[in-house]
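Structure, as structure tokens:
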Amino acid sequence: QVQLVESGGGLVQPGGSLRLSCVGSRSIFSFGVMGWYRQAPGKQRELVATIVSGGTTNYADAVKGRFTISRDNAKNTFYLQMIGLKPEDTAVYYCNFQQLGRVWWGQGTQVTVSS
């Protein structure tokens, strides 16, 4: 069984930055798809960004140019760097890992963008 643990959420003013981290309980990130999703109150969970083993990234239109997904396999960790945060980015952010038809989720971390 794999566990994913997020960290790095918090309260930030509009225009601010945060970096989210997702640590895997064991070395599994050598192949598969790593991703970040978010869910705002009253809304469905939505894809934010993904990165595959080869390094190709994909972003939701709402975050392109502001968010960057990256990974460090040696640390069993992947990240979401967020800059230029907006109030509409407020949500619970979840990390996700998919490998050979299996899917794992983290517990979520709250990001609140407010003045």
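May I ask you to list the residues in the stretch 1-34 that are in contact (Cβ under 8 Å) with a residue 60 or more places away in the chain and among the β-branched types (Val, Ile, Thr)?
Val2, Val5, Val12, Ile28, Val33
Only one of Arg45, Arg71, Arg38 is in contact with a Phe, Trp or Tyr (Cβ under 8 Å, 6 or more places away or on another chain) and in contact (Cβ under 8 Å) with a residue 60 or more places away in the chain. Can you tell me which? Working first, answer last.
Working: Arg45 fails: in contact (Cβ under 8 Å) with a residue 60 or more places away in the chain; Arg71 fails: in contact (Cβ under 8 Å) with a residue 60 or more places away in the chain.
Of the residues listed, the single one that is in contact with a Phe, Trp or Tyr (Cβ under 8 Å, 6 or more places away or on another chain) and in contact (Cβ under 8 Å) with a residue 60 or more places away in the chain is Arg38.
Run down Val48, Val63, Val2, Val33 and say which single residue is within 14 Å of the chain's Cα centre (by Cα) and modelled with pLDDT under 95.
Val33
On the given criteria, is Ser17 at pLDDT below 95, on the phi < 0 side of the Ramachandran plot and of a type outside the set (D, E, K, R)?
no
The values are calculated or read from the model by the stated rules, or taken from the named source; none is laboratory data. All values reported here derive from a predicted model rather than from experimental measurement. Using ideal geometry, Cβ is built from the backbone for each residue, glycine included, and neighbour counts are taken over all protein chains shown.
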